[in-house]
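Some notes on the structure that comes next.
The values are calculated or read from the model by the stated rules, or taken from the named source; none is laboratory data. Please read these numbers as outputs of a predicted model, since none were measured by experiment. Note: ideal-geometry Cβ built from the backbone for every residue, glycine included; neighbour counts use all protein chains shown. These area figures cover heavy atoms from the full protein model, side chains too; ligands, DNA and RNA do not enter into them. Shrake-Rupley method; radii C 1.70, N 1.55, O 1.52, S 1.80 Å.
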Amino acid sequence: MTPSPAAASSRLWLVRHAAPLVAPGTCYGALDVPADAQTTRAAAERLSTALPPEARVAHSTLQRCELLAHDLQALRPDLTFTPDARLREMDFGRWEGQPWDAIGKSAIDIWVAGFSTHAPGGGESLAHMLHRVAAALQTAREWRNDQGTMDVVWITHAGVARCVAWLQERGESALPRSEDWPVAAPGWGEWEIRELA
């Protein structure tokens, strides 16, 4: 089925921050680590030429996303930028900043067994994260409906992009098992474009 022209012209850009400055193998969901400044600027330059006029930008309040938002704003002062904590990565609680190897297989197995409802490290469950991302999607739809914004841009994280994929394909009422969870996400400083349904 071909989408109607109106539906096809309302798009959600899911932009992932540049590579974070953190040791490989570290758990850093809500850990506020910076991103590489040079690759962030390069990503902002590519994005600034790709975005249409009158797009509305929302960004995670973690500094690796804020840096990209600030660099983009310097290049595209015509766009409206809004910080949104709902676009943050998952909070892994006391796991944050630890090497994944140090967390322990048994703790990770418990999380995988209760993938949607268990809060890893005492942080945030995936069900909670899906709920906040769904609320942010509703805000994006309101921008489109109330203000005529055709393109909404989120400067965010891989986990949020996966939440959007799940919500658009399965809805908020379906809770995923680990084996059902989307793996694909934009690369560092890259983006994907989805219909804003």
Residues being under 19 Å from the mean Cα position of the chain (by Cα), among the hydroxyl-bearing types (Ser, Thr, Tyr) and more than 17 Å from Gln63 (Cα to Cα) - total across the range 73-131:
3
Name the residue, out of Arg56, Arg86, that is basic (Lys, Arg), under 25 Å from Ser178 (Cα atoms) and open to solvent by 30 Å² or more (accessible area, probe 1.4 Å).
Arg86
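Would a scan of the range 146-159 turn up a residue that is modelled with pLDDT of 95 or more, surrounded by 15 or more Cβ atoms within 10 Å (Cβ to Cβ) and part of a helix (DSSP H, G or I)?
Narrowing the range 146-159 to residues modelled with pLDDT of 95 or more: 152-159.
From the residues that got through so far, the ones that are surrounded by 15 or more Cβ atoms within 10 Å (Cβ to Cβ) too are 152-159.
In the following step, the residues that additionally are part of a helix (DSSP H, G or I) were identified as 158-159.
Yes, that holds for at least one residue.
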Regarding Ser106, is this residue in contact with a Leu (Cβ under 7 Å, 6 or more places away or on another chain), in a helix (DSSP H, G or I) and of a type outside the set (Phe, Trp, Tyr)?
no
If Arg162 satisfies every condition in (1) at pLDDT 95 or above; (2) touching a Ser or Thr at 6+ places or on another chain (Cβ under 6 Å) but one, which is the exception?
(2)
Can you tell me which of (1) open to solvent by less than 70 Å² (accessible area, probe 1.4 Å); (2) out of contact with any helix residue (DSSP H, G or I) (no Cβ under 6 Å at 6 or more places or on another chain); (3) small (Gly, Ala, Ser) is the one Ser106 doesn't meet?
(1)
Which number in (1) closer than 17 Å to His59 by Cβ; (2) within 13 Å of the chain's Cα centre (by Cα) marks the one condition that Trp143 misses?
(2)
Would you check if there is a residue in the range 61-68 being more than 30 Å from Ile103 (Cα to Cα) and at pLDDT 95 or above?
yes
